[in-house]
1. Filter the trypsin sites (Lys or Arg not before Pro) in segment 275-320 down to the DSSP loop ones having no more than 12 other Cβ atoms within 10 Å, then list what survives.
2. Which whole-number percent is the relative contact order of the chain (Cα, under 8 Å, 6+ apart)?
3. Compute the helix-to-body angle for 220-230: its Cα long axis versus the longest principal axis of the chain, expressed 0 to 90° and rounded to tens.
4. Among rounded, prolate and oblate, which fits segment 74-168 when a ≥ b ≥ c are the square roots of the eigenvalues of its C-alpha gyration tensor, a/c under 1.5 means rounded, and a/b larger than b/c means prolate?
5. Loop-only GluC sites (Glu not before Pro) in segment 67-149, please: DSSP not H, G, I, E or B, and at most 14 other Cβ atoms within 10 Å.
6. Let me know the shape class of segment 1-154, please: from the alpha-carbon gyration tensor, a ≥ b ≥ c as square roots of the eigenvalues, rounded when a/c is under 1.5, otherwise prolate if a/b is greater than b/c, or oblate.
7. Kindly express, to the nearest 10 degrees and within the range 0 to 90, the angle between helix 87-103's C-alpha long axis and the longest C-alpha principal axis of the chain.
8. ³J(HN,Hα) across segment 10-23 via Karplus (A = 6.51, B = -1.76, C = 1.60, θ = phi - 60°), whole Hz, x for Gly/Pro?
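Rule-based calculations on the coordinates, nothing more; no lab input. Every value quoted in this text rests on a predicted model; they were computed, and no experiment measured them. Ideal geometry is used to build each Cβ from the backbone, glycine not excepted, and the neighbour counts take in all protein chains shown.
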Amino acid sequence: MLSYGSAVGLGLIKGLVQVKPTTAYFYFKNNGCRGSCAFCPQSTTAQGGSKRIARVDWPEFSIDETMNVLQNDIWFRRICIQCSDEPMVKEQLPQLIGKFKKSCELPISVSTSPLSREQMEKIRNAGAERLTIPIDCANAKLLPLIKGKDMKDILNALEAAVDVFGPGKVGSHLIIGLGETEMDAVLLMHQLQKEGIVPSLFAFTPVAGSRMERSVPPNMEKYRRMQIARHLLVEKGQDISIFNFDLEGRLVGLDISSAEFKRIFEGGDMLMVHGCPDCNRPYFNERITGPIYNYAKMPEANELLPIEGELVGLAKGDQV
Ligand code: SF4
């Protein structure tokens, strides 16, 4: 399966895209995902029938058809292979990566549930440049209910991935709005950052056919606070001690001056999609009409002002 924008970019379907994806997103599956993620309609435990992941449609193509057109591509700077949680998919992954490497010279990211160290080495040797193992839910108690997985197992796999791929070449996805507190998300991002793992933020999106289809997306102010927290920890290397939380785990203050906060906010980079280089995931979490959680291209100056307003009160001197 290819994300709609990727399929348009490769000329496999005709259509219009608002923002061109700079990464071509593939979803590699066999009989159906055995995972039990409550937010995803691809799980065999979901009601099924959906071709969506997050807000995006994913039409299906044969591998050969895709490889033929990949050679002609001009849009993309990276390939992202997202994997269904199935033993056969993990087994065939090195072979698939080999096919991509024969068809194009783009760097390849793989996003998958935990692999054994041997499997990680095989995909690295086949040509994968980066490995992402999504944690998704930042609360260790909720994670087994939401994903059917244990936080420790995923963290152990991420640690092994850093050994195999190197610091900065391993990532994890966090979905904001799965019942975690802001403190859960900030502490986890800090831990990942310290271990050489790049966290990437998504906003929970209810998708028809998933167990959480009736749940609500996160409040925008909360999401903005998590974006600035990620920016300060990952891009600016700030210490965890600058974050102040209330008793409910809500981020209520940052020990940075208003002037510094303004400087960091300027340009809007903290609002952009971040993860692997050149990953922009246009409209994965949002309608084209907005509101926009993650910007796929730099926000305009007139978009920044109201967002800055949402964050007033966080920096030192703003706090009452
Ligand atoms: S950050 Fe982007 S390119 Fe990297 S694994 Fe996640 S979706 Fe794929």
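1. Sites meeting the loop and neighbour criteria: ARG287.
2. It rounds to 17 percent for the chain.
3. That helix lies at roughly 80 degrees to the long axis.
4. Because a/c hits 1.5 or more and a/b exceeds b/c, segment 74-168 counts as prolate.
5. GLU105
6. The shape class here is oblate.
7. Taking Cα atoms only, the helix is inclined about 80 degrees.
8. 8, x, 7, 9, 9, x, 10, 10, 6, 10, 6, x, 8, 10
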